[in-house]
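Notes to accompany the following structure.
The values are calculated or read from the model by the stated rules, or taken from the named source; none is laboratory data. These numbers come from a predicted model, not from an experiment. Ideal geometry is used to build each Cβ from the backbone, glycine not excepted, and the neighbour counts take in all protein chains shown. Protein only, heavy atoms only, side chains kept; ligands, DNA and RNA dropped before computing areas. Shrake-Rupley method; radii C 1.70, N 1.55, O 1.52, S 1.80 Å.
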Amino acid sequence: MTLQDVLDDHAALASTRWSVAGRDLELATKIGVRGAPGLDPALAALAEALGRGRAYLGSGPVLDATLSQGPLAAFARAEGIAARVLVSSAAARSAALASGTNEADVLDALPWDLAPASEGEVWWRPPGDRGTARLEAELRAWARAITPDGVVWGLWHKEEGGNRAERFASELFEHVEIVNRASGWRLVSLRGPRSDAAAPVAWHDWEGPDGAMRSLVGTYAGRRVDPGTAVLLDATALPTAPELSGARVLDLGCGTGLLARRALAQGAREVIALDDDLAAVRSTRAALEAASAEGRTDELAPSVTWSDLLAEAPRARDVDVVLMNPPFHVGRQVVGALSRAFVAAALTALRPGGRLLMVANRALPYERDLAAWATWRDVTPAGTKGFKVLDAQRH
Ligand SMILES: C[S@@+](CC[C@H](N)C(=O)[O-])C[C@H]1O[C@@H](n2cnc3c(N)ncnc32)[C@H](O)[C@@H]1O
């Protein structure tokens, strides 16, 4: 398989079906969307509740904040009800458009961006894998965004912070009712937002290894350095590491922006960063602004792009060095094709002779692909446990 084949597979949209309340809806999905190649398991629970009449659509407009391709919006449209989709994943955005939501009905936003009392009906599936601070910030955001007579339908799993969600919800809403339980999922109606609820706290300020960091809650690793990333940061200081000073560097899957900050701190000529997650993009921008405030960027204008791999990053095709800690999960699901696509994207972004420095869990098999497309070495710093650092030079 060529690099382009892997990137084409990553970009390809596939079709899947959601049966809900007597309708059989065709939805699009792709690698990187929750549940792909099927559907987010939360949707089976939602379909059950809608089918049994435990939850129901109002007269609209409906806001679908279920994190995937806008399934609830597709259902609402089929019922003749206006609907929009809130997206913060670039992959989910393309799947929502391919599932029939108009561009004008896609809101590129996080819940706390919405104006107070602006929404009458929200269908919300919290990102249960992103920690308590994110859960609380989103709930506070909905309590603020919902109209006094509106409803938020919350769909969460008991093992993904469900009990905590219910506790926070009772502080923020007058009426919290579990309307359906199915396979560990609970559908909860939240009504009567309390007017004295405090505003969401969306930002964390913290100190990273290269200076001040500013990150949105729930961005990868939050306000700490992921252990794998720490190993990679150490490896950038090895005498054999690719030269960052004067280089054009891409931080692929930038999260809070630690790798981009390292590139800046080491005198990169240009820093490009991208992530599929809107919260990560905003966090990395904030981290690089903090670096600029500390006078570490001089004339640099780093570019941070919201992009599903290279889809929106046309300039990231001629870089000297890529730094990355590639993901291998979407939500809680392991998705091997995603990590493979990261390697393909990294090598595609490099100029011939350019270098990729990446960290991975020791058990994950990246070497075969690297050998097919590049010349690679294991440069794991001595004493490292559990991770490996691979240094690959593009043919
Ligand atoms: C393991 S985290 C690493 C984050 C950061 N580089 C660090 O080291 O802390 C992987 C990152 O890849 C991002 N990501 C996942 N799928 C992506 C995609 N298709 N395109 C771009 N970024 C993606 C995730 O949002 C996450 O921020």
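A few remarks follow.
- Here the translational diffusion coefficient of the stretch 11-193 follows from Stokes-Einstein with Rh set to the Kirkwood radius across Cα pairs; for 37 °C and 0.692 mPa s it amounts to 204 µm²/s.
- Considering only Ala98, Ala202, Ala382, the mean-square fluctuation computed in a Gaussian network model of the chain, springs between alpha carbons under 10 angstrom, is largest for Ala382.
- Length-normalised contact order for the stretch 311-392 - Cα pairs under 8 Å, 6+ apart - percent: 30 percent
- The percentage of C-alpha pairs in the stretch 203-394 whose separation is greater than 29 Å is 13%.
- Volume per residue for the stretch 282-395 equals 142 cubic angstrom (convex hull of Cα atoms).
- Here the stretch 130-206 and the stretch 358-379 have alpha carbon centers that stand 42 Å from each other.
- Summing Lys and Arg as +1 and Asp and Glu as -1 over all other residues whose Cβ lies under 13 Å from the Cβ of Ala12 gives a net charge of -3.
- For the chain, the relative contact order is 12 percent, taking Cα pairs closer than 8 Å that sit 6 or more residues apart in sequence and dividing their mean separation by the residue count.
- The accessible surface of the chain, taken with every protein chain in place and a 1.4 Å probe, is 49 percent carbon and sulfur.
- Here the dipole of the stretch 203-394 is about 420 debye; that uses its Cα centre as origin and unit charges on the Cβ of Lys and Arg (positive) and Asp and Glu (negative).
- In units of the rule-of-thumb radius 2.2 N^0.38 Å, the chain shows an alpha carbon radius of gyration of 1.01.
- With helices as the sole contributors, the chain gives -8500 deg cm²/dmol at 222 nm; each DSSP H run of n ≥ 4 counts as -39500 (n - 2.57), and the sum is divided by every residue.
- Cα-centred dipole magnitude for the chain, charges only on beta-carbon of K, R (+1) and D, E (-1), debye, nearest 20: 700 debye
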